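Notes follow the structure.
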Amino acid sequence: MNSKQNSIPISVEQSKLLGSAQRIKIIASIAETAKTAKQVADELGQSPGSTHYHIQKLYDGGLIDLVETRTTGGIVEKYYKSKAKWFDSDDHRAQDPALEDGYESSNSTRISLRLVLTPEQRDELNEEYKALMEKWVALTSASKDEGEEFAIGFKMISTKKRDES
């Protein structure tokens, strides 16, 4: 699937809602298939109460939709689905405060380089990066091990100034 087709613009406030590994796992879980909070909690090995709380925050923030409500044996089941796999903020600041310059961390890696890319190569690199991140979200979502949470960002920017166009 082309991730450009499954990306929506979001506000700074909405991007702050995505500053949690647990919420990213939830988004990944309901990106393709609508699920209840209990189904997501079971899939991710998380507590139903915590999962419900995060789903409600994502729903209130407009990042996921309530797509179906079923009543089974007197129990109301609400099915949620993510509006997208990827969310784009036009804000020039990092979407995650941990990725801002000056953030103090005991464990970090910084990688940077410059490449000369055609527009097609730029798009291909962007798609490959997204596929890599989706792979790691799936791997860490499947793992019940508690590890250290990391903020991972990708910024690809032309070195050509806007007025040079």
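The values are calculated or read from the model by the stated rules, or taken from the named source; none is laboratory data. Keep in mind that what you see is a predicted model, and the values were worked out from it rather than measured. Here the Cβ is made from the backbone with ideal geometry for all residues, glycine too, and neighbour counts use every protein chain on show. These area figures cover heavy atoms from the full protein model, side chains too; ligands, DNA and RNA do not enter into them. Shrake-Rupley method; radii C 1.70, N 1.55, O 1.52, S 1.80 Å.
What to note about this one:
Okay, residues lined up against (1) surrounded by 13 or more Cβ atoms within 10 Å (Cβ to Cβ); (2) touching a Ser or Thr at 6+ places or on another chain (Cβ under 9 Å); (3) basic (Lys, Arg):
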residue: 65; (1), (2), (3): yes, yes, no
residue: 72; (1), (2), (3): no, no, no
residue: 77; (1), (2), (3): yes, yes, no
residue: 89; (1), (2), (3): yes, yes, no
residue: 130; (1), (2), (3): yes, yes, yes
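- Residue match in the range 32-53 (condition: under 17 Å from residue 137 (Cα atoms), buried (at least 18 other Cβ atoms within 10 Å of the Cβ), within 16 Å of the chain's Cα centre (by Cα) and modelled with pLDDT of 95 or more): yes
- Long-range neighbours under 6 Å by Cβ, at least six apart or interchain, first residue in contact (Cβ under 8 Å) with a residue 12 or more places away in the chain within the range 116-144, second open to solvent by 70 Å² or more (accessible area, probe 1.4 Å) and not in a helix (DSSP H, G or I): 129/154
- Checklist (1) assigned to a loop (DSSP other than H, G, I, E, B); (2) surrounded by fewer than 15 Cβ atoms within 10 Å (Cβ to Cβ) applied to residue 84, failing item: (2)
- Some residue of the range 143-153 being within 16 Å of the chain's Cα centre (by Cα) and more than 16 Å from residue 22 (Cα to Cα): yes
- Boolean, residue 113 is more than 21 Å from the chain's Cα centre (by Cα), surrounded by 10 or more Cβ atoms within 10 Å (Cβ to Cβ) and among the aliphatic types (A, V, I, L, M): no
- Count of residues meeting criterion [in a helix (DSSP H, G or I) and farther than 22 Å from residue 130 by Cβ] in the range 44-81: 12
- Test: residue 165 is modelled with pLDDT under 90, among the hydroxyl-bearing types (Ser, Thr, Tyr), open to solvent by less than 50 Å² (accessible area, probe 1.4 Å) and out of contact with any Asp or Glu (no Cβ under 9 Å at 6 or more places or on another chain): no
- Residue 12 vs. criteria open to solvent by 70 Å² or more (accessible area, probe 1.4 Å) and of a type in the set (A, V, I, L, M, F, W, C): no
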